[in-house]
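Visitor: Handing you this structure, nothing more for now.
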Amino acid sequence: MYAIAILAALVVVLLAVAAALELDRRKARATIETEQQKYLRLRARFAALYDDSPDAIASYDLQGHLVHGNSAAIVLLGYATGEMVGRHFSTHIAPESIDETVAAFERAVAGSTEYFVTRFIDAQGGRIDVLATISPIYESGEPIAVLATARDLRHVVPLEASSAQIEQRFDSLFDGHATPLLELDAQGRYRRVNAAFDRFSGASRAIGFRLFEEDVAPGDITALRTALARVVLGEHPQVELSVIRSNGESASMRCSFSPIVVDRSIEGAYVSLEDISEMRDLAHRERMRSERMRELLALAAASGLEFDAQIERVMRFGIESLGSDACFVTKVKGDAVVVERCVGATEIPVGMEIAFGRTFSREGFGTDVVLAIDDTQGGNWRLDPATDWQGWRSVLLATIWVEGVPYGTVSFESRRARAGAMRFADADRDFMRLLAALLGSAMERDLQVKRMGELAFYDPLTSLPNRSNFAESLRREITRATRSNAQVALFYIDLDGFKEVNDAYGHGVGDEVLLEVARRFDGVVRASDTIARIGGDEFAVIQSDATDLSIERLELRIAEALAIPVLARDRAISIGASVGVALFPNDATDTARLIEQADAAMYARKRSRSRRSDGAEQLHSTS
């Protein structure tokens, strides 16, 4: 009986153990199923983002062979599904873009995120300009592949492409800045981050299509979303967020948001992150640096400002931020420095030329070094010629680069020396580099606008107004003459024998002749008149307030201007001209008719001259 009781007890224990094991097995199975569902949902979410993206997205192994591409990539390149898998990326890159693309890919494999403009070749051999992003894909802290995105730029206007190139230069400044910086789109997704953010997070990470809130502690997501909502309203909020590093640790960061405003529409936000978990004793200085960065980012993001207004805003903001008395923007021209702009307390006038050797520009111009002088009366600066005549006690100066060439300098000067906590620090030098870059970018955009205007309204060879400019000037002059009951004389001038010059000596000599003729014509008209080049060898002059005497004088001056042969490449070339004149309102009362009358008069003069020339030749041969 005792043995039976023991046996029964063992059976009960075994049953209990089996029940516990079965319960654990069911729990484990439920956990596995839950994790599988989470995985499937995550994979579906990623697939939707990847496959439905309007941009081309592809993944490559570390040797550059295509692993997978989304439908947008297949459509962009024109290949069949699966046809490109296994091929090297160089097979669809244009030869002129190979070196740059290979270098960017190698940097991405090494851990960098690259942004650049490159050129694809599609299945039909066509070339496609794209804005590309290349980022490494990590697993367990090691790169295992490369993710690439490409945005088709074929429908982007040239000025926007040029602006994109300028923005890339501006991005390089962000990347080198000590403050972690982000650019987010309107939905709070990453567009780009700088190297300081990568260092803060602990590793370079692929950021395409990811939300910033994925790297923020759950308890701070509401605060982040509120800040983004305020950005949409045009505000510049600051919020403290716990940002999670790649190793899972978090840091308290003060995040300053600045709206990105384009054509009065907010397209996203710049975010500067300030670590407030360390260096509590330097909190005030860090806060001031973040504030200055935020304001500069706001200036960079703003649009719709006139060029002069944007430059002055940047200069005044620098004076206020650095506590200086004056700001100067100069242009270096050979051995002279020309003051182009000045703001603040100074008696130095705009346009003043100063010998290069007597300015502080000689110490910093043409380099990436920011010249920072806390006290010009200390050390060797006391005897410096720039100190001797200008009298500034502290100076901060940087080179302005325009289209990759040193243009001039921007400097902030004060009558007071800097000592103690007011001495220039690395943050001031970084601020100065960014400010100089903003000025350079604004100047580049202004140059592009001016060049486009010149191409639209001025002849590229002679720099005279072209046909479009001439037609608009004639219309305005006729309108003015109608109101004042005045006369307008229109001269049409066609060079005689110019075709023979081109045929005999070539277009290079012909261009030199045209340049000299244009210079001579410009020298004989009145300041109130308009001279234009309206064709290959055709010029026109609009003479306001015309009289019989003024018309006769101008015809005589034109003939005298061409009486002396033109010297071109050691050749003396004789050029004549046939001139036709039409008078408003006597010959015509509208622009089109006046042009017709002047053109007809010019050809009548040319035919008459040709008949006289033929008759003279016949008389000469008879005799």
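The values are calculated or read from the model by the stated rules, or taken from the named source; none is laboratory data. Fair warning: this is a prediction, and the values are worked out from it, not measured in the lab. No Cβ is skipped: glycine too gets one built from the backbone with ideal geometry, and neighbour counts run over all protein chains shown. When the accessible area is computed, the model is the full protein with side chains, heavy atoms only, and any ligands, DNA or RNA have been set aside. Shrake-Rupley method; radii C 1.70, N 1.55, O 1.52, S 1.80 Å.
Visitor: Ignoring any ligand, DNA or RNA, what whole percent of the accessible area of segment 436-539 comes from carbon and sulfur when the probe is 1.4 angstrom?
Guide: 53 percent
Visitor: Assign one of three labels to segment 426-563, namely rounded, prolate or oblate, based on the Cα gyration tensor with a ≥ b ≥ c the square roots of its eigenvalues; rounded applies when a/c is under 1.5, prolate when it is not and a/b is larger than b/c, and oblate otherwise.
Guide: oblate
Visitor: What is the magnitude of the charge dipole of segment 361-446 about its Cα centre, with +1 placed on the Cβ of each Lys and Arg, -1 on the Cβ of each Asp and Glu, and no other charges, expressed in debye to the nearest 20?
Guide: That gives a dipole near 340 debye.
Visitor: Using Cα centres only, tell me the gap between segment 78-143 and segment 208-265 in whole Å.
Guide: So the separation of the two Cα centres works out to 31 Å.
Visitor: Additional query: Enter the Cα centre distance for the pair segment 412-431 and segment 481-499, rounded to the nearest angstrom.
Guide: 62 Å
Visitor: Next up: Can you give the extra length, in nm with one decimal, that the chain gains between A145 and R245 once fully stretched, where that is 0.36 nm per residue apart less the Cα-Cα distance?
Guide: 33.9 nm
Visitor: With charges set only on the Cβ (+1 for Lys and Arg, -1 for Asp and Glu), what does the dipole of segment 477-623 come to about its Cα centre, in debye to the nearest 20?
Guide: For this selection, approximately 180 debye.
Visitor: By a straight-distance test (C-alpha under 18 Å), which aspartates and glutamates pair with K450 as possible cross-link partners, with residues fewer than eight away in the same chain excluded?
Guide: Filter leaves E160, E306, D308, E340, E403, D459.
Visitor: Can you put Y79, Y60 in order of accessible area, largest first, using a 1.4 Å probe?
Guide: Solvent-accessible surface, decreasing: Y79, Y60.
Visitor: Further question: Dividing the Cα radius of gyration by the Kirkwood radius, what Rg/Rh value follows for segment 352-473?
Guide: Rg divided by Rh gives 1.17.
Visitor: On to the next question. May I have the extent of the alpha carbons of segment 465-531 along their three principal axes, as whole Å values ordered from largest to smallest?
Guide: Cα spread of segment 465-531 along its principal axes, largest to smallest: 49, 21, 17 Å.
Visitor: Probe 1.4 Å, all protein chains in place: accessible area of F424 in Å², nearest 10?
Guide: About 20 Å², rounded to the nearest 10.
Visitor: Calculate, in nm to one decimal, what R26 and T589 gain on full extension: separation in residues at 0.36 nm each, minus their alpha carbon distance.
Guide: 192.8 nm
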